[in-house]
Amino acid sequence: MHLVVDIGNTDIVCGFYTETEWKVILRTPTHQPWSAIRMEHWIQKELTDKGFPDRTVDSILISSVVPSVLTQIQKGLEHWVNYPVKVMGPKLYATLPIEVISPDEIGADLVANSVYAHTNYSSSDVLIVDFGTALTFTLVDAQGKMQGVSIAPGLKTAVKSLFSETAQLPEVPLEMPNSALGHDTVSAIQSGILWGYVGMVKEMISRVKEERGQGVKVIATGGLSSILTPLEAYFDEVNKLITLEGLRIVAQQ
């Protein structure tokens with residue numbers, strides 16, 4: 001069994017896979033008082049609870065966009081398996097089947113997404129829309145070169161910002177409203193943010209296709225990728241595991 005770990009701004013996601021399928025996927029909030037021991041104990045307990053207490057993990061690859069958390073997570077996993085753990089970074093990027101732009105700056109999750117996109121759609125330019133803490137648009141061309149990235153606040157980030165910066169507006173559930181105009185405070189916020197994001201994503205897809213051609217494939221990922229249902233027709237694929245799949249491809253090369 002192999003393990004890939006995606007340390008994001010909101011959650012840490014751990015995916016355990018064999019040669020044929022994902023066996024276990026674990027998720028926990030990123031911002032906790034992590035220590036190496038806490039990480040080791042947490043993952044052991046989670047695997048035991050899932051029915052895999054004695055499985056041997058043959059390799060581990062970590063992707064992280066939160067440097068302050070990475071060190072303790074890496075140390076805990078290395079102590080658990082008793083061998084060095086690989087981390088996505090510029091040295092590893094040089095071995096990938098894609099060309100990474102700004103390797104010292106770009107998020108490792110975007111690199112993993114691009115690996116997945118180019119591996120599965122190698123004859124086309126691919127735009128990856130990732131609905132995470134940030135909403136990102138990443139284009140990788142048919143030759144495997146990352147052409148550029150666009151970043152906006154994610155859906156939850158937008159809702160929390162509105163909630164925290166205003167005195168009378170509540171934090172609302174992310175549910176797609178039927179109407180463009182709300183009839184109370186909750187539905188008004190939902191319509192403004194969610195329909196607003198539908199419009200933003202449509203516009204970004206349209207502009208990319210104007211620049212790169214109508215043959216661009218568009219794929220969506222991230223935990224919130226299924227919320228904006230009016231966008232379904234704009235995506236060639238919706239897959240919440242694209243980042244983990246990209247890390248799996250890197251780990252197996």
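With runs of 4+ DSSP H residues as the only contributors, calculate the mean residue ellipticity of the chain at 222 nm using -39,500 (n - 2.57) per run, divided by the residue total and rounded to the nearest 500. Taken over the chain, the calculation gives -11000 deg cm²/dmol. Among H118, H79, H41, the order of accessible area from largest down is H79, H41, H118, computed with a 1.4 Å probe on protein heavy atoms. Under the rule a/c < 1.5 gives rounded, and otherwise a/b versus b/c splits prolate from oblate, where does the range 1-40 land using the Cα gyration tensor? In terms of gyration-tensor shape, prolate.
Average 1/r across all pairs of distinct alpha carbons in the range 34-172, invert it, and you get the Kirkwood radius: 17.6 Å. The equivalent ellipsoid that matches the C-alpha gyration tensor of the chain spans semi-axes of 31, 25, 16 angstrom, in descending order. Applying a DSSP loop filter and a limit of 16 other Cβ atoms within 10 Å to the GluC sites (Glu not before Pro) in the range 1-88 leaves E19, E21.
For the chain, the longest principal axis of the C-alpha atoms and the axis of helix 242-252 are separated by about 30°. Remind me, relative contact order of the range 49-165 in percent, using alpha carbon pairs under 8 angstrom and six or more residues apart? 18 percent.
Across the options Q190, L244, S225, the greatest Cα extent toward the positive end of the charge dipole of the chain (unit charges at beta carbon of Lys, Arg, Asp, Glu) belongs to L244.
Looking at the chain, the accessible area is 49 square angstrom per residue; that uses a 1.4 Å probe and ignores ligands, DNA and RNA. For trypsin sites (Lys or Arg not before Pro), the sites in the range 35-129 that DSSP calls loop and that have at most 16 other Cβ atoms within 10 Å are K50, R55. With contacts taken as Cα pairs under 8 Å and at least 6 residues apart, the chain reaches a relative contact order of 17 percent.
The values are calculated or read from the model by the stated rules, or taken from the named source; none is laboratory data. In this text the structure is predicted, and so the values were computed from the model without any measurement. Cβ atoms come from the backbone with ideal geometry, glycine included; neighbour counts cover every protein chain shown. Ligands, DNA and RNA are stripped out before the accessible areas are found, and what is left, the full protein with its side chains, is counted by its heavy atoms. Shrake-Rupley method; radii C 1.70, N 1.55, O 1.52, S 1.80 Å.
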